[in-house]
Structures are given as C-alpha cells and as structure tokens.
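Report on the following structure.
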Amino acid sequence: MRIGIMTGGGDAPGLNGIIESASRVLLSHGAEVIGICDGFEGIFSGRTKPITRDSINGIHAVAGTYLGTSNKSKLHGRSEEFQTGFRSLKLDGLIAAGGDGTFKGIRELAPDVKVIGVPKTIDNDLQGTEITFGYDTACSVVSESVDSLRATANAHHRVMVIETMGRSAGWIALGGGLSSYADVILIPERPFSRPKLSKFLTNAHAAGKPGMVVVVSEAAKAIGEDPIFSTSPHSTGIRFGGIGERLARWIEQNSPWEARHVVLGHLQRARYPTTTDRFLTASMGAKAATLALTHQWNRAVVYRNGIVTDAPLSDIQGEPREVDPEHRWVKLCEALGIFI
Ligand code: F6P
C-alpha cells in the first residue's frame with residue numbers, strides 16, 4: 001500500500017505525533033508512506049517527502065509540523081487541478097490531520113478520494129469528538145501564564161489581563177483559566193455584565209486582594225455587544241483579537257485597579273506537546289494507520305467516552321462545538337469564586 005499523510009489548517013501541538021505514530025504503524029506493516037508538503041499546496045504542486053523510520057524518529061516531541069501546512073489555500077474552482085495532482089501521487093489513500101476546513105476542502109475538491117481524518121485544533125471546538133489534540137498544550141500555556149503573571153500582578157497591585165485564542169469557543173480560556181484559578185474568566189458563550197465585573201473587581205480591591213488575573217477569550221463580549229474582530233486581505237475568514245487591551249483600559253476606568261494586558265497569541269500553538277497530547281496523538285495516529293491498513297476509508301479518528309475510536313468523517317464537520325454556558329467547568333468556576 002502507498003499512503004499519503006498531510007497536515008492542513010493552522011498548526012497544533014501534536015501534529016508531529018500523528019505523523020510519527022501513523023507512519024511507524026504503516027511502515028511496520030510494509031506500507032510505503034508519502035509525506036505531502038504544506039497541506040493542499042503539496043497536492044497542487046506535487047511536493048512530497050518520502051517518510052522513513054529514521055526521518056520521523058522523535059518528531060512527536062516537537063511543535064509545528066514536519067510536513068508544513070497551509071490554511072490560506074484558495075480552493076474554489078480547483079477541483080480538476082487537485083484531482084490531477086492527487087492521481088499523480090499514485091496513493092491508495094490519504095491520512096489527513098486537519099480542521100473543519102481541511103475536510104470540507106477535500107470533500108469539495110475530490111469526493112472520491114479515500115481519506116481518514118484526524119481532527120485537529122487547539123480550540124477544541126470540532127464536532128464529533130470530545131477532545132482534539134493540541135488543546136491540552138494550549139491550556140498549559142494559558143495556565144502557566146496565569147501562574148507567572150499572578151506574581152507580577154501581586155507585586156504591582158495590578159490586574160493582568162490575558163487574552164487567549166479559541167475563536168467563537170471559550171474552551172482554551174475556560175480550561176487554562178480554571179486550572180490556574182484565574183480570578184476572572186470571560187468566554188464568548190457567556191457574555192459578561194460590565195456592571196457586575198466592575199463591582200467584582202472593586203470589591204476585591206476593597207478587600208485587600210494584592211493583584212488579580214483576568215483570562216479573556218479572543219471572541220468574548222459584554223452583554224449586548226459584538227466581539228472585536230478584523231479582516232485580512234490574506235484570508236476569507238475573520239480574525240478575532242483586541243479584547244485584552246480594550247478590557248485593560250476599561251478596568252482602569254471602571255475600577256480602582258491599574259491594569260496591563262498580554263496577548264498569548266501563537267505561543268499557544270507553538271509549544272511542544274504535553275504528555276496528555278502525546279498519548280492522544282500516539283493513539284490517534286496508530287488508529288488512523290490501522291483504519292487505512294484495513295481499508296476502512298472515510299472515517300474520522302475521534303475521542304469518545306474515554307477512548308480513541310472512529311466515526312463517519314461527516315461527524316466532525318459542522319458548526320463549531322461551543323461551551324455549554326452551564327457546563328460543569330463553569331459550575332466549578334462559580335464554586336471556586338471565579339467570576340465567569
Ligand atoms: O483555530 C486555531 C486558531 O489558533 C484560533 O484560535 C485563532 O483565532 C486562529 O487559529 C489564528 O489563526 P492564524 O494562524 O491565521 O492567525
């Protein structure tokens with residue numbers, strides 16, 4: 001068998017774990033593994049890397065992707081070009097680690113391609129799976145930042161506002177903020193009350209709290225307001241960001257605190273994967289390889305009820321999986337006295 005592997009969309013910690021794990025299993029069963037460079041771009045231009053046991057040994061511990069990726073490919077009207085490129089690679093099937101856009105793209109360009117999808121995003125917002133790899137690492141970056149910035153917040157008697165990624169889903173802010181006991185967590189799914197937030201911060205100041213840490217998700221918004229976003233000539237989608245700075249200025253005007261902000265940005269994606277993400281990608285990559293070796297195509301590798309299993313590829317497509325505003329982690333925040 002000759003199996004292609006590609007990574008598409010924004011990078012996420014653990015992509016290299018999927019490449020190493022899937023390749024090890026495929027190679028040990030005598031399959032040939034072809035790495036496709038830079039996501040869809042590699043198929044359009046026929047750029048590949050042969051994968052050997054030596055070339056991928058140990059890459060699971062490294063951030064980024066050994067194969068490169070692309071999340072800005074213009075796909076519209078390029079179906080024939082894609083199919084010609086794909087045919088010339090002479091593959092029996094494709095293992096693709098990507099997000100919603102990657103799988104939608106493959107389906108639109110080449111509905112007949114035999115594919116196995118491994119859902120990926122630090123945002124943890126894909127349908128059909130309870131967790132995506134990269135999410136735990138992104139949460140670690142947030143929680144370590146909260147721990148560090150609490151020290152400087154206390155030293156200067158300030159509020160430190162930390163802006164996280166996540167697009168329309170608050171999973172990263174919630175997971176990272178809760179695990180580090182941030183004082184305030186603001187997520188898009190629970191628009192916040194400005195008067196209540198002002199009162200919470202003012203009361204904490206009056207009670208003699210030395211400093212405070214606020215974690216705000218990039219698309220969080222106050223009640224009745226819109227999230228802050230911009231557009232870019234380089235992509236079709238919108239880009240969230242700017243709430244951290246805006247909120248810090250607002251806190252200074254609406255509470256007794258001085259405030260500063262930090263945008264964690266792509267540091268949340270650029271970290272070497274945590275042990276949890278390594279376990280997840282070791283299992284998911286191996287599962288993807290097994291599905292390919294047994295010709296079970298058009299399946300997605302998912303995590304459900306504590307195990308890595310598979311489901312129809314269509315299960316992981318659709319609207320983002322957002323945080324239930326009454327999720328048990330939200331309840332835990334409230335029990336711990338965190339403003340959410
Ligand atoms: O979807 C993952 C993500 O990291 C989002 O949380 C964030 O808004 C976006 O990608 C940033 O993407 P880009 O790499 O285009 O800046």
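The values are calculated or read from the model by the stated rules, or taken from the named source; none is laboratory data. These numbers come from a predicted model, not from an experiment. Because the Cβ atoms are built from the backbone with ideal geometry, glycine has one as well, and the counts that use them run over all protein chains shown. Keep in mind that these areas ignore ligands, DNA and RNA; they rest on the heavy atoms of the full protein, side chains included. Shrake-Rupley method; radii C 1.70, N 1.55, O 1.52, S 1.80 Å.
With helices as the sole contributors, the chain gives -11500 deg cm²/dmol at 222 nm; each DSSP H run of n ≥ 4 counts as -39500 (n - 2.57), and the sum is divided by every residue.
A cut-off under 11 angstrom between Cβ atoms defines the neighbours of Val263, and their net charge, with Lys, Arg +1 and Asp, Glu -1, is -3. Restricting attention to the chain, close to 25% of DSSP beta bridges with both partner residues there are antiparallel.
The GNM of the chain, with springs linking C-alpha atoms under 10 angstrom apart, assigns the highest mean-square fluctuation among Asp38, Asp112, Asp277 to Asp112. If the chain linking Thr52 and Glu319 were pulled fully straight, counting 0.36 nm for each residue of separation and taking away their Cα-Cα distance, it would gain 92.4 nm. Here region 137-270 is assigned +1 on the Cβ of each Lys and Arg and -1 on the Cβ of each Asp and Glu. Its dipole about the Cα centre then comes out at about 160 debye. In this simple spin-label model, placing a label point 7 Å from the Cα along the Cα-to-Cβ direction at both Asn298 and Lys74 gives a separation of 3.1 nm. Candidates Ser45, Gly105, Ser255 compared by Cα position along the dipole of the chain: farthest toward the positive end lies Ser45, with charges placed on Cβ. Taking all protein chains as present, what is the carbon and sulfur share of the accessible area of region 137-270, in % to the nearest whole number, probe 1.4 Å? Looking at region 137-270 in its full context, I get 53 percent from C and S.
So how strong a dipole does the chain carry about its Cα centre when Lys and Arg Cβ are +1 and Asp and Glu Cβ are -1, to the nearest 20 debye?
My answer is approximately 240 debye.
Between Thr276, Thr102, Thr132, the GNM of the chain built on Cα springs shorter than 10 angstrom shows Thr276 fluctuating the most.
When nucleic acids and ligands are ignored and a 1.4 Å probe is applied, Cys139 ends up with an accessible area of around 10 Å².
With bins 20 Å wide beginning at 0, the percent of Cα pairs of the chain falling in each bin runs 31, 50, 18, 1.
The residues of region 1-101 expose on average 40 square angstrom of accessible surface per residue, using a 1.4 Å probe on protein heavy atoms. Taking the chain as a Gaussian network of alpha-carbon nodes connected by springs under 10 Å, the highest mean-square fluctuation of the residues Ile36, Ile187, Ile59 belongs to Ile59. For region 137-270, the share of DSSP beta bridges that are antiparallel, to the nearest 5, is 15%. Mean sequence separation of contacting Cα pairs (under 8 Å, at least six apart), scaled by the length of the chain, corresponds to a relative contact order of 23 percent. About its Cα centre, region 74-193 has a charge dipole of approximately 300 debye under the convention of +1 per Lys or Arg Cβ and -1 per Asp or Glu Cβ, with nothing else charged. Per residue, the solvent-accessible area of region 173-318 (1.4 Å probe, heavy atoms of protein chains only, all protein chains present) comes to 47 Å². Given C-alpha coordinates of region 5-146, what is the ratio Rg to Rh with the Kirkwood estimate of Rh? Rounded to two decimals, Rg over Rh is 0.97. Dipole of region 46-139 computed with +1 at Lys/Arg Cβ and -1 at Asp/Glu Cβ about the Cα centre; of Gly134, Val62, Asn124, farthest Cα towards the positive end is Val62.
Annotation for Gln127 and Ser232: the two label points, set 7 Å from Cα along the Cα-Cβ direction, are 2.6 nm apart. Label-to-label distance, Ala207 versus Glu252, with points set 7 angstrom from Cα along the beta-carbon direction: 2.6 nm. At 15 Å minimum axial length over the Cα atoms and a Kyte-Doolittle cut of -1.0, report the qualifying DSSP H helices in the chain, or say none. Result, helices passing both filters: 15-28, 135-156, 194-206, 243-254, 275-293. Cβ-Cβ distance of Leu267 and Asp112, R₀ of 30 Å, FRET efficiency by 1/(1 + (r/R0)^6): the value works out to about 0.15.
Ordering Ile18, Val330, Ser314 by Cα displacement along the dipole of the chain toward the positive end leaves Ile18 in first place; charges were set at the Cβ atoms of Lys, Arg (+1) and Asp, Glu (-1).
Exposed loop sites were defined as GluC sites (Glu not before Pro) in DSSP loop states (anything but H, G, I, E or B) carrying at most 12 other C-beta atoms within 10 Å; in the chain the longest segment without such a site runs 1-129.
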